[in-house]
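The structure appears below as structure tokens.
The values are calculated or read from the model by the stated rules, or taken from the named source; none is laboratory data. What you see is a predicted model, and the numbers here were worked out from it, not measured in a lab. Note: ideal-geometry Cβ built from the backbone for every residue, glycine included; neighbour counts use all protein chains shown. Only protein heavy atoms, including side chains, enter the accessible area calculation; ligands, DNA and RNA are left aside. Shrake-Rupley method; radii C 1.70, N 1.55, O 1.52, S 1.80 Å.
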Amino acid sequence: MSEFLGHLPAADGTFGFSILPLFFDEPEREALLIEYGAAPGGFVLTRPTSEGRTSISAFFVVRALRRRGVGRRAALQLLHSRPGAWAIAFQEANAGAARFWRGTATAAVGSAWHEETRPVPPPAPATLPEDNWIFLNTGVRSLPLTARGEG
């Protein structure tokens, strides 16, 4: 998000992410690696929401693999491997993420998703732009009706 919000790294070249340890310490949070062959290609962080959904808190694909379908395949694999209610936040200023998540939601569940804009909750700075949230449920699938033959 530094590209869109103007954040700079610390003097040691790292970006602060104080809640990262929670994804390794709290059992309901997950840190997942996106693999590309034998190489790491990115990561996904998930956490439960107070509304009973699973939130994708962070999703990152290395720049060398972007626009190759790696992120879309990883996101769809995650969403379909864990059927249920999902919440995915992104910032509209990140046009690539907006296109990616709207397209991924459609690929996952067709038109059965909706989007809301919500303020970023504290302790985040009030100066952050609002989040766009996509809500979808990969556990709800319409199955075709089939005729059953008698015996």
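Which far-off residues, 5 or more places away or on another chain, put their amide H under 5 Å from the one on residue 58, with H placed in the peptide plane?
Residues meeting the amide H criterion: 45.
Determine the per residue accessible area of the stretch 16-128 with all protein chains present and a 1.4 angstrom probe, expressed in square angstrom.
60
What share of Cα pairs, in percent, lie more than 23 angstrom apart in the stretch 25-120?
Tail fraction, whole percent: 23.
So, counting K/R as plus one and D/E as minus one, what does the shell of residues with Cβ under 10 Å around residue 117 add up to?
Charge balance in the 10 Å sphere: -4.
Quick one: go through the stretch 75-98 and flag any residue whose amide nitrogen is under 14 Å from the point 7 Å out along the Cα-to-Cβ line of residue 66.
91, 93-98
Once R0 is set to 22 Å, what does the formula 1/(1 + (r/R0)^6) return for the Cβ-Cβ distance between residue 124 and residue 99, expressed as a FRET efficiency to the nearest 0.05?
Once the sixth-power term is evaluated, E becomes 0.40.
Can you work out the PRE-style zone for residue 25? Point 7 Å along Cα to Cβ, and I want the residues of the stretch 38-59 with backbone N under 20 Å.
It comes to 45-50, 57-58, nothing else.
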